[in-house]
Amino acid sequence: MVLLSAQGMTVAKFAEVTFTSADRVRDVIHNFNADGFESLYPKYKGGRPRTFTLSEHREIKKTAKSRPAGHGLPFSTWSLAKLADFLVAEGVVDDISHEGLRVLLREEDVSFQRVKTWKTSRDPDYAAKKARAEHLYAIAGGEVIPEQGEPEVVFCMDEFGPLDLQPRPGRRWAERGGRHKDPDRETRPRRRATYTRPHGVRHLFAAYDLAKDQLLLVL
C-alpha cells in the first residue's frame with residue numbers, strides 16, 4: 001500500500017486494487033506518515049478480545065447515536081473508522097477495532113439505517129436548553145424524581161408560526177425496530193389525535209417576556 005501511495009494513486013483506485021475499503025487505505029497511509037516503518041509490523045495479540053464495561057457500552061452507544069456536528073466535527077454521519085478514532089481520542093476506550101465496534105453496536109441493537117433530519121437551531125445555548133427540556137420531560141413522565149426547587153407539574157406548549165419544515169432523508173446509527181427490536185425495550189407512549197370533544201375545549205395562550213424573563217399565561 002505504501003508503494004502504491006508513493007506513485008500518486010488516488011484513494012478510490014487504491015482501495016479497488018487492494019480489494020479493501022477507502023477507510024482502511026487512509027488508516028494505513030496515516031499510520032505510516034505518523035510512525036514510519038514501525039506501523040507496518042503486525043501487532044499480534046493472543047487471547048480473547050477485550051470486553052468493555054457497562055459504562056463504556058453506554059457511552060459508546062450514546063456517542064454512536066449522536067450527531068458528529070454536536071461534537072464540533074466537520075461531517076454529518078459516523079463511519080466505523082471515524083467513530084472508533086473519536087472514542088479513543090476522547091478517552092472513552094483505550095483501543096477498539098472496527099469489527100469489535102460493529103459487534104458491540106449490534107449487541108446494543110444499534111444499526112446504520114435511513115433517518116429523516118430536520119432544521120436545527122443556531123442558538124449557541126441550544127444544547128443546554130435541549131437538555132433542560134428533556135429533563136423536564138423525564139419529570140413529567142415519572143422517569144426521575146424532581147429535586148428541591150424543581151417543578152412537579154410540567155406544561156408543554158407548542159409554538160405556531162409560518163413554518164414549513166420538511167423531513168430530509170439521511171442515515172445514522174439508531175436502535176433497531178420492527179422484527180429486530182428488543183422485546184424488553186419499552187416503546188415511547190404516544191397519544192393519537194382525536195376530534196371527539198365531549199367536555200368542550202380549553203385554550204391556553206402563553207407569551208414569553210424576554211425583557212422580564214417572565215412567562216405569561218391566559219386560560
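Among the chymotrypsin sites (Phe, Trp or Tyr not before Pro) in the range 68-118, those placed in a DSSP loop whose Cβ has at most 12 other Cβ atoms within 10 Å are Phe75, Trp118. Under a 5 Å amide H cut-off, with hydrogens placed 1.01 Å from N, Arg176 pairs with Val110, Ser111 among residues at least 5 apart or on other chains.
Model label points for Arg176 and Asp123, set 7 angstrom from Cα along the Cα-to-Cβ axis, are 3.7 nm apart.
Extension gain for Leu216 to Ser55 (0.36 nm times residue separation, less C-alpha to C-alpha distance): 53.7 nm. Taking trypsin sites (Lys or Arg not before Pro) across the range 51-102, the ones in a DSSP loop with at most 16 further Cβ atoms lying within 10 angstrom of their Cβ are Lys65. Volume per residue of the convex hull around the Cα atoms, evaluated for the range 89-155, comes out as 214 Å³.
Hey, can you rank 6-14, 131-139 by average C-beta count inside 10 Å, highest first?
On the way: 6-14: 11.6, 131-139: 13.4.
Packing proxy ranking, top to bottom: 131-139, 6-14.
Throughout, read-outs are computed from the coordinates displayed, never taken from laboratory work. In this text, all values refer to a predicted model and were calculated from it rather than measured experimentally. All Cβ positions, even for glycine, are placed from backbone atoms using ideal geometry, and neighbour counts span all protein chains on display.
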